[in-house]
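Working notes, structure below.
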Amino acid sequence: MVSHLFFYQLMFLGLLWLCVMLHDAWPNECPGGEQRPSKPLPPPRKRSSAPKPFPGLTRTPPCAACEQVHEHGPRPPGCPPPRMAPTRGRPRHVDTSQHFCPHPDCAYRGWVGLGNISANGHPSGGPWRQLYCTGCRGYFQETHGTPLHGKRVAPEKLVWAVGALAEGLGIRAVARVFEVDPNTVLQWLVEVADHATAFSRYFLHDVRVTQVQLDELFALLSAVQAGAVSEAEALTRLSRSPHWVWAAIDPVTKLLLTIDVGDRTLAMAQSVVHQVVQVLAPGCVPLFLTDGFKEYTTALLTHFGQWVQPPRRQDKGPAPKLRWMPLPGLLYAQVIKTVRRRRLVRVCHRVVFGTLEAVQQVLAACGWQINTAFVERLNLTIRQHVAAIGRRVTTLCKGEEGLRQQLALYHCYYNFCLPHASLRQLLPQPEPTHGSGSAKRWQPRTPAMAAGLTDHVWTLREVLLFRVPPWPQPAGV
Ligand SMILES: [Zn+2]
């Protein structure tokens, strides 16, 4: 009886002792447990804070736009015909230097400033001038090829209605204000958008910039700010909705390089970067700044990369394969914003291509840094855009195509017609005004003027009446 109990207790103690001994003798591998290393462990491997150098790609990422077209925009059919000397007769008073002959069989078709166009007065007292081409002895109207051509509506009414659209009024509102049918306004918008696209393409090329900010903004942003839509609801809508507005802007001149609408995908990032490359001068590699959207890296690498032969590591064996690497001059930094409850709580930046010093050097030229101030300015730019864009989306919601047309109009209006407050220049001499107001001291400037693309603030009427030549004209005409 007693011996049994004693025996069990002894066995229990023995087992306990064995467990304790084994536990001590066993090499301790449990990371969470109490560690008593018998020999000093190697120091924990330090994760280097410096980013690893980009290893390169073995093939270029595909860009649909790059594969589609190899030619850059429309090309002239050949050399321009000889310049025409002014003929005898009355001296020409009307400036026709911006006009070109539209007749398909004329040798002078599409060429500007060759002296072949003369003004011919207003036939039957109409509002528009008739122009005459000495090359083909053909006549055409000064509105040929513009949205004002062949319209019965008073030109002023059309210009004001388009101005209202450009300022963000919806189609229905414009129809009410100007007492026309909404379908008529929509028709105007379609034509004006085509014209504005051609206008922007004609002027926006070979642009030299030092910085480009890329952003994709959600068109519902204004509704989120107003508290009408909860953020979660907005986000679920985001994932389904194609209404992302993509913008590329030069923060120095404020020039809007491109603006487009589409999904938040790699294909769209590729398309937007491709459009930026089309606008930039060949060989111009600016500093790119974006948010943390990862597809930008691929898109930038596609368009600003080159094949590089990596150095051999061993003497023998085949040479290593070519690697697609970013251009040595490419600088790209991301500004990653953390927003909680509609408030910016944290900003961190990450240099993806290039060095932090090089990025800071580019920004220092403008007295800027990558910091919160930069992001806030970025946000401000977004809000300025969305104030015009967002409202139209909520009032219209015509789908992607309708939004694209409004953006094409806005793109042109913003770059050429709207003077930007931060771009104004002090006049060397204050100019007296005609009225009783104080003298004019500031020269208003648009982003297109700051970028050197044009020399004056365009009125919308001028833009709508500008006959866009079918191909780029030689410089100095
Ligand atoms: Zn002609």
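The values are calculated or read from the model by the stated rules, or taken from the named source; none is laboratory data. Keep in mind the model is a prediction, meaning the values are calculated, not measured. Positions of Cβ are backbone-derived with ideal geometry, glycine not excepted, and every protein chain shown enters the neighbour counts. Heads up: the accessible areas ignore ligands, DNA and RNA and are worked out on the full protein's heavy atoms, side chains in. Shrake-Rupley method; radii C 1.70, N 1.55, O 1.52, S 1.80 Å.
Annotations for the structure displayed:
- Using the 1.4 Å probe convention, the accessible area of region 422-474 works out to 58 Å² per residue with neighbouring protein chains retained.
- Per-residue surface analysis assigns Phe416 an accessible area of about 0 Å², computed on protein heavy atoms at 1.4 Å probe radius.
- The solvent-accessible area of Trp368, taken with every protein chain present and a 1.4 Å probe, is close to 60 Å².
- Against the criterion of solvent-accessible heavy-atom surface with a 1.4 angstrom probe, His122, His4, His93 sort, most first, into His93, His4, His122.
- In the context of the full set of protein chains, region 242-320 has a per residue accessible area of 41 Å² (1.4 Å probe).
- Protein accessible area in region 121-194, 1.4 Å probe - carbon and sulfur %: 50
- Region 148-210 - accessible surface per residue (Å², probe 1.4 Å): 51
- Region 428-477 and region 121-165 have their alpha-carbon centroids 22 Å apart.
- A simple packing score, the average count of other Cβ atoms within 10 Å per residue, orders the peptides 266-272, 448-454, 418-424 as 266-272, 448-454, 418-424, with the highest score first.
- Largest to smallest in accessible area, the residues Val190, Val207 fall in the order Val190, Val207 (1.4 Å probe, all protein chains included).
- Solvent exposure of Ile249, expressed as accessible area, is near 10 Å², computed with a probe of 1.4 Å over the protein chains only.
- Exposure rank, largest accessible area first [Glu156, Glu179; 1.4 Å]: Glu179, Glu156
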